[in-house]
Amino acid sequence: MFHIADPKDIKSGKTTDVYFARTVEILNKKGIDKWVRAEFFAKNLPNDWQWAVLAGIEEVAYLMQGKPVNIRTFNEGAIFKPFEPVMEIEGMYTDFSVFETAMLGLICQATGVATKAARIRLAAGERMVVSFGATAGCTLRLRQ
């Protein structure tokens with residue numbers, strides 16, 4: 001299950017950046033395809049943070065299910081640092097390139113939420129953290 005965008009569009013590669021689609025089109029016309037390995041990492045984090053919480057891996061696994069690629073990742077919920085590869089995908093370039101945009105989006109969105117939640121939890125200390133869900137302004141309140 002995806003938590004963003006239309007699942008059919010994501011699974012079919014329609015949510016890709018246009019340059020990935022054009023690259024695959026050109027490679028197919030020229031009969032070129034190569035076995036490649038791609039690493040996913042964050043060059044930096046907001047506010048010069050030194051760590052983040054990895055999330056979205058389960059959604060990436062669902063997206064790539066049945067595709068002829070090998071994927072290695074940190075576990076969902078793992079702490080990582082800038083420039084630390086959190087995921088590696090290996091396969092024929094045309095088998096996964098149009099999914100790069102979706103994979104990055106799934107990881108970045110979920111990681112942002114998980115990281116901010118972890119930082120709020122740490123900032124709260126012993127206080128209980130209560131989320132009021134999707135109310136106006138998405139308010140989080142700390143209770144003593």
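Bear in mind that the values in this text are calculations on the coordinates, not laboratory data. In this text, all values refer to a predicted model and were calculated from it rather than measured experimentally. Here the Cβ positions follow ideal geometry from the backbone for every residue, glycine too, while neighbour counts run over all protein chains shown.
Note on the chain: with charges restricted to the Cβ of Lys and Arg (+1) and Asp and Glu (-1), its dipole about the Cα centre is near 320 debye.
Taking the chain as a Gaussian network, Cα atoms linked when under 10 Å apart, which of PRO82, PRO46, PRO68 shows the biggest mean-square fluctuation? For the chain, modelled as a Gaussian network with Cα springs under 10 Å, the answer is PRO46.
Projecting the Cα atoms of TRP49, GLY91, ILE32 onto the charge dipole of region 13-126, computed from C-beta unit charges around the Cα centre, puts ILE32 farthest toward the positive end.
For each pair in LYS34/LYS67; LYS11/LYS67; LYS8/LYS43, compute the distance between the two Cα atoms and list the pairs where it is over 22 Å.
Going by Cα-Cα distance, LYS8/LYS43 fall outside the 22 Å limit.
Select from the chain the helices, each a whole stretch of DSSP H, whose alpha-carbon atoms run 30 Å or more along the helix axis and whose Kyte-Doolittle mean is at least -1.0; answer none if there are none.
Span-like helices, by this rule, are 100-124.
Summarising the label geometry, the points placed 7 Å from Cα in the beta-carbon direction at VAL130 and ASP48 lie 3.6 nm from one another. Here each label is just a point 7 Å from Cα along the line to Cβ, and for TYR19 and GLU88 those points are 2.5 nm apart. Couplings 3J(HN,Hα) of region 5-14, computed from phi: 6, 7, x, 5, 5, 5, 5, 8, x, 6 Hz, in residue order, whole Hz [Karplus 6.51 cos²θ - 1.76 cosθ + 1.60, θ = phi - 60°; x for Gly and Pro].
In summary, the aspartates and glutamates within cross-link reach of LYS81, defined as a Cα separation below 15 angstrom excluding same-chain residues under 8 places away, comprise GLU39, ASP48. Near ALA38, once Lys and Arg are set to +1 and Asp and Glu to -1 for all other residues with Cβ below 13 Å from its Cβ, the sum equals -2. Label zone (ARG37, point 7 Å along Cα-to-C-beta; backbone nitrogen cut-off 13 Å) within region 84-109: 85, 87-91. In units of the rule-of-thumb radius 2.2 N^0.38 Å, region 7-143 shows an alpha carbon radius of gyration of 1.26.
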